[in-house]
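Heads up, the thing below is written out as structure tokens.
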Amino acid sequence: MEIISQHPLKKYNTFGISAFAKQFVSVQSIADLTKVLKKHKGEKLFILGGGSNMLLTQDIDALVIHVDLKGKEVVWQDAETAHVKAMAGENWHEFVLYCIDHNFGGLENLSLIPGNVGTTPIQNIGAYGTEIKDTFISCEAIDIATQQTVTFTKEECNFGYRESIFKGTLKDKYVITSVTFGLTTTNHKINTSYGDIAAELTAKGITLPTIKDVGAAITAIRQSKLPDPKELGNSGSFFKNPIITIDNFERAYLLHPTMPHYTLDDTYVKVPAGWLIEQCGFKGKRFGDAGVHAKQALVLVNYGNATGQEILDLSKNIQKTVFDTFGIAIEAEVNII
Ligand SMILES: Cc1cc2nc3c(=O)[nH]c(=O)nc-3n(C[C@H](O)[C@H](O)[C@H](O)COP(=O)(O)OP(=O)(O)OC[C@H]3O[C@@H](n4cnc5c(N)ncnc54)[C@H](O)[C@@H]3O)c2cc1C
């Protein structure tokens, strides 16, 4: 386990931003992770997973700990359910494929989301009508201050829309080392009601889809709509879909009656941020090497040599224009570093 100074991070963030870590270490075992945390107690640390949910606007003036813990196992199983545990450094999509191959159902709608298993609870990743909280059983984490191992139950994680306790009161206090999911082994709950899944399956002539069919359909849809970070730097949806009060929504809707929306309850309405951004004319626009993706206005992209600051400036320009146009504030989903 080697600690490297001035380590380049371009390959460690999917935006492909050129930045450096003051110090960098990759840990492959819990023992090494604990050792590093103990030795560098009280110092500035930064925990890195797959780098797919961050915008680096500067060098990281800290010891970057790249969590590269590997392994997965079935920890418990009965006739209908399996509890499957994966270590934090496992690639998420590969883990989803492993579950599908072993006939463990519940994660297929989250196919092809970049990043690592250990990061999935942090923003309660979600797509195609499913969130991690739907199958989450628990996660293990190491307390950075004491190096004690703690288990967090689903209730303790306080999951919300792209939110959890790890983004709130426990931000930067724990390193998540593994996550355990409760998955079906029979009677899978196939969910094709969201987006284009049903149409994609019908086009393939599939009427009784398996979890494998659903995973493949979602993978194909995502590949057709979202840029592959290996080809075009990005961090997925840059903004969250704003959840606003009915009063605020009605004010905006009066002026913009075509605004799509989903009523959540008696108080709140969710509005698709991509639509708001598109209406403001940003879709497909390029400013130097920073831009807004041509197929999905929620995704900001790096055409090659954009700096993090240029992407951040573009995001602020979008936020201001959306607010000035609709009176609706949109918030970044991506972690700005
Ligand atoms: C093309 C594309 C599509 C995407 N689609 C979706 C989508 O559909 N739904 C969705 O929810 N997200 C999506 N994302 C965002 C991203 O994939 C997820 O948020 C993912 O969970 C981030 O994982 P990561 O390992 O890359 O996190 P990183 O970017 O490495 O880290 C994110 C944050 O978590 C912290 N962190 C990382 N690992 C740990 C750990 N082990 N313990 C404690 N803290 C840690 C970091 O310090 C940082 O603050 C997409 C991204 C891309 C590029």
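Looking at region 106-114, can you tell me whether even one residue there is modelled with pLDDT under 95 and either more than 8 Å from the ligand (Cβ to nearest atom) or over 24 Å from ARG162 (Cβ atoms) (or both)?
Looking for residues that are modelled with pLDDT under 95 and either more than 8 Å from the ligand (Cβ to nearest atom) or over 24 Å from ARG162 (Cβ atoms) (or both), one finds none in region 106-114, hence no.
Within 16 Å of the ligand (Cβ to nearest atom), more than 25 Å from ASP59 (Cβ to Cβ) and modelled with pLDDT of 95 or more - does that describe any residue in region 307-314?
Taking every residue of region 307-314 in turn, none turns out to be within 16 Å of the ligand (Cβ to nearest atom), more than 25 Å from ASP59 (Cβ to Cβ) and modelled with pLDDT of 95 or more.
Among what's in region 75-108 and is under 17 Å from THR186 (Cα atoms) and of a type in the set (S, T, N, Q), pick the residue that is farthest from the chain's Cα centre (by Cα).
Per the stated criteria, the residue is GLN77.
What number goes with the only condition from (1) out of contact with any Phe, Trp or Tyr (no Cβ under 8 Å at 6 or more places or on another chain); (2) among the hydroxyl-bearing types (Ser, Thr, Tyr); (3) near the ligand (Cβ under 9 Å from one of its atoms); (4) farther than 17 Å from THR34 by Cα that THR177 does not pass?
(4)
Could you look through region 294-306, keep only residues that are in contact with a helix residue (DSSP H, G or I) (Cβ under 9 Å, 6 or more places away or on another chain) and assigned to a loop (DSSP other than H, G, I, E, B), and pick out the one that is surrounded by the fewest Cβ atoms within 10 Å (Cβ to Cβ)?
Per the criteria, the residue is LYS295.
Can you find a residue in region 60-82 that is crowded, with 17+ Cβ neighbours inside 10 Å, of a type in the set (Gly, Ala, Ser), in contact (Cβ under 8 Å) with a residue 24 or more places away in the chain and over 19 Å from ILE176 (Cβ atoms)?
Checked against the condition, which is being crowded, with 17+ Cβ neighbours inside 10 Å, of a type in the set (Gly, Ala, Ser), in contact (Cβ under 8 Å) with a residue 24 or more places away in the chain and over 19 Å from ILE176 (Cβ atoms), region 60-82 yields at least one hit.
Looking only at residues that are of a type in the set (Gly, Ala, Ser) and loosely packed, with under 15 Cβ neighbours inside 10 Å in region 30-59, which one is nearest to GLU90 (Cα to Cα)?
ALA31
Across region 208-264, which residue is surrounded by the most Cβ atoms within 10 Å (Cβ to Cβ) among those that are acidic (Asp, Glu), more than 19 Å from TRP275 (Cβ to Cβ) and away from the ligand (no atom under 14 Å from the Cβ)?
Applying the filter and picking the extreme gives ASP213.
Are any of the residues in region 133-151 more than 11 Å from the ligand (Cβ to nearest atom), of a type in the set (Lys, Arg), in contact with a helix residue (DSSP H, G or I) (Cβ under 7 Å, 6 or more places away or on another chain) and closer than 20 Å to GLY49 by Cα?
The answer is yes; a qualifying residue exists.
The values are calculated or read from the model by the stated rules, or taken from the named source; none is laboratory data. Bear in mind the structure is a predicted one, so any value in this text is a computation, not a measurement. Backbone-built Cβ (ideal geometry, glycine too); neighbour counts: all protein chains shown.
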